[in-house]
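Participant: Pasting a structure here, questions to come.
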Amino acid sequence: MGLQFAHSGTNLYICGLQDTNKWSSLTQPHSTSHHHSTHRSQTLVPISQFLTLKMAAPFPSPTSMWHTTTYDAISPTRPELSAKGNTVLVTGGGTGIGAETARYFAKAGASRIALLGRREQPLLDTKKAIEKEFPDAEVFVASTDITNKEEVDSAFAKFLGDRKLDVVVSNAATIGPQDPVKDADAERFLDAIQQNLRGAMFVAQAFLRHASDRAVAINVSSSVAHLDFGPGFASYGVAKMAIVRLWNSVAFANPDLSVFHIQPGVVDTAMNREAGGVKAMGFADDGEWDALCVAKITCRLTRN
């Protein structure tokens, strides 16, 4: 079901069908909106409620409840989720998911955070923002091509010295060519897989050399490793599945360490937009795209 917007005075609402389960707990019966051509009963959902919506997964998923924003149970301010005193390294940490992950580790009390990425300026911008919001956090940055083993090893060594690493977030990746297998240039297709796998391999090896006794590795994976969203994700999906197996091998060989794979979903980042992004999928999992749409529509309504 597509969403449409309505407004009353200064309030903005999202219109949904009353018989749609995902809206049932948030909506109240309302007269049929003039914004719709349908004759079925409509409901109006205040936008503030929509942006914290809990709904069913938009595709087959073992996760029964789908959240589009953070919620209390996973708040980094909860004592049992504290990262107080931890040393954390995030690859692809200058923008997007990596930058937000670093910020949340700072919020959870991590004392030292390293941001690795190819472009220095986004790293410096994120460092400045985190240290301003969380003065107790020390943020280290290193312009690093994670497909270059020497650069990865150097960045880890400079950040850690003789210290140990508590958490690594293996987040950096490249989308690669977006062609189905039938039409793909085989060399470009395989090279993208190699780039993603090399980066994960070098990060995993550096992590193992510097890991504390009970260290944690978080592999930022993708649902395209497990689900087929379109033929153009072939190279990226193969790479992501290979990286899952790589980190699983790390966990198997090092039972005292913990390895987690996360699939962050459809998040409006630069790489996601390169792959068609929220527009292609028709939904977002981080709420940012929804907020952007609301802002645009609000501006249009106030001008009319």
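Participant: Residues in the stretch 223-237: is at least one aliphatic (A, V, I, L, M), buried (at least 19 other Cβ atoms within 10 Å of the Cβ), closer than 25 Å to Thr101 by Cα and at pLDDT 85 or above?
Facilitator: Going through the stretch 223-237, the residues aliphatic (A, V, I, L, M) turn out to be 224-225, 227, 234.
Adding the requirement that they be buried (at least 19 other Cβ atoms within 10 Å of the Cβ) leaves 224-225, 234.
Those left that are additionally closer than 25 Å to Thr101 by Cα: 224-225.
If we keep only those that are at pLDDT 85 or above too, we end up with none.
Checked against the condition, which is being aliphatic (A, V, I, L, M), buried (at least 19 other Cβ atoms within 10 Å of the Cβ), closer than 25 Å to Thr101 by Cα and at pLDDT 85 or above, the stretch 223-237 yields no hits at all.
Participant: Failed condition for Lys107, given (1) crowded, with 18+ Cβ neighbours inside 10 Å; (2) touching a residue at least 24 places away in the same chain (Cβ under 8 Å); (3) among the charged types (D, E, K, R), with all others met?
Facilitator: Lys107 satisfies all of (1) crowded, with 18+ Cβ neighbours inside 10 Å; (2) touching a residue at least 24 places away in the same chain (Cβ under 8 Å); (3) among the charged types (D, E, K, R) except (1).
Participant: Which one of these is surrounded by 15 or more Cβ atoms within 10 Å (Cβ to Cβ), within 22 Å of Pro264 (Cα to Cα) and in the same structural domain as Leu124 (by TED's automatic domain parsing): Asn171, Asn248? Step through it out loud before you land on a result.
Facilitator: Working: Asn248 fails: surrounded by 15 or more Cβ atoms within 10 Å (Cβ to Cβ).
Step by step, each of Asn171, Asn248 is checked, and only Asn171 is surrounded by 15 or more Cβ atoms within 10 Å (Cβ to Cβ), within 22 Å of Pro264 (Cα to Cα) and in the same structural domain as Leu124 (by TED's automatic domain parsing).
Participant: Right, next: Closer than 18 Å to Ala142 by Cβ, of a type outside the set (A, V, I, L, M) and in contact (Cβ under 8 Å) with a residue 60 or more places away in the chain, is that true of Gly94? Quick ask: steps written out before the conclusion?
Facilitator: Numbers: closer than 18 Å to Ala142 by Cβ: yes; of a type outside the set (A, V, I, L, M): yes; in contact (Cβ under 8 Å) with a residue 60 or more places away in the chain: no.
When the stated conditions are applied, Gly94 does not pass them.
Participant: If you go through the stretch 197-215, how many residues are of a type in the set (D, E, K, R) and crowded, with 20+ Cβ neighbours inside 10 Å?
Facilitator: Filtering the stretch 197-215 down to residues of a type in the set (D, E, K, R) leaves 198, 209, 213-214.
Those still in the list that are crowded, with 20+ Cβ neighbours inside 10 Å too: none.
Of the residues in that region, 0 qualify.
Participant: Could I ask something else about it? So, in the stretch 154-167, how many residues would count as being touching a residue at least 40 places away in the same chain (Cβ under 8 Å) and among the basic types (Lys, Arg)?
Facilitator: The total comes to 2.
Participant: Output the residues belonging to the stretch 125-153 that are over 23 Å from the mean Cα position of the chain (by Cα) and touching a residue at least 40 places away in the same chain (Cβ under 8 Å).
Facilitator: Residues satisfying the conditions are Asn148, Lys149, Asp153.
Participant: Take the stretch 111-167 and flag every residue that is closer than 25 Å to Arg198 by Cβ and small (Gly, Ala, Ser). If you could, list the steps in order and put the result at the bottom.
Facilitator: Taking the stretch 111-167 first, the residues closer than 25 Å to Arg198 by Cβ are 113-123, 126, 140-160, 164-167.
Within the stretch 111-167, Ala114, Gly117, Ala142, Ser143, Ser154, Ala155, Ala157 meet the criteria.
Participant: Would you tally the residues in the stretch 154-168 being buried (at least 16 other Cβ atoms within 10 Å of the Cβ) and over 18 Å from Ala110 (Cα atoms)?
Facilitator: Applying the first criterion (buried (at least 16 other Cβ atoms within 10 Å of the Cβ)) to the stretch 154-168 yields 155-156, 159-160, 165-168.
Now narrow it down to the ones that are over 18 Å from Ala110 (Cα atoms): 155.
Counting residues in the stretch 154-168 that are buried (at least 16 other Cβ atoms within 10 Å of the Cβ) and over 18 Å from Ala110 (Cα atoms) gives 1.
The values are calculated or read from the model by the stated rules, or taken from the named source; none is laboratory data. Computed from a prediction, not measured in an experiment: that's the story for all the values here. Glycine also receives a Cβ, built like all others from the backbone with ideal geometry; neighbour counts cover every protein chain displayed.
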